[in-house]
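Below you'll find the structure, written out as structure tokens, and then a few comments.
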């Protein structure tokens, strides 16, 4: 049984998320699950426990800040195998490994695969709580980034092929007259397209638009890019 020591700190709810954060626990030892659940709830966090990796995988994904406290040694699918399965799909859910014995090679393997922390039982509850708090903070940032990128991609796909051409040339630093010459359209038409780009991308300035293009990793407006975009206009 894990000795219970509460830090007394409470996690304030984030204004960015309606749903409260969830701390997931996967451990086949019922006493460990119950002790950790009590510790997590004492800190004011919602907790969901599972006795196996398979049970956890069947739990529906929720777009809320979360982290996973994961036992390294589990029957069936072990902790490292579960980490591999969810690493690419759940980048917004940091993993904190726990184990009943010291295993340096597996610890290194877990950390290289992206684990946030690795604790050996009996656990230091204060250190674990600190790690969970950090993990939930990271999760909030990851979800906010994912939401921002989704909004940017949606806005970008709303642009017509010609508007995408104009955006690429605008953020490369060309003037409207130069853009018109490259695309074979009038400067007035370029201005109209540029206005639509700013509106659809919700950009308040050219600097905003440049930052958006950098986040979207748009292709550079070379002759090959323009030829490809021109084919889309046919």
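Quick note: the coordinates plus some simple rules give every number you see, no bench work behind them. Not measured: the values here are computed from a predicted model. Don't worry about glycine lacking a Cβ; one is built from the backbone with ideal geometry, like all the others, and counts go over all protein chains shown.
Brief remarks on what is shown
- When each of the peptides 183-189, 118-124 is scored by the mean number of other C-beta atoms lying within 10 Å of its residues, the order from highest to lowest reads 118-124, 183-189.
- Estimated Rh, region 22-144: Kirkwood, alpha-carbon pairs, angstrom: 14.2 Å
- Gain in span if fully extended, residue 189 to residue 141, counting 0.36 nm per residue against the direct Cα distance: 13.3 nm
- Measuring r between the beta carbons of residue 73 and residue 149 and using R0 = 30 Å, the FRET efficiency lands at 0.25.
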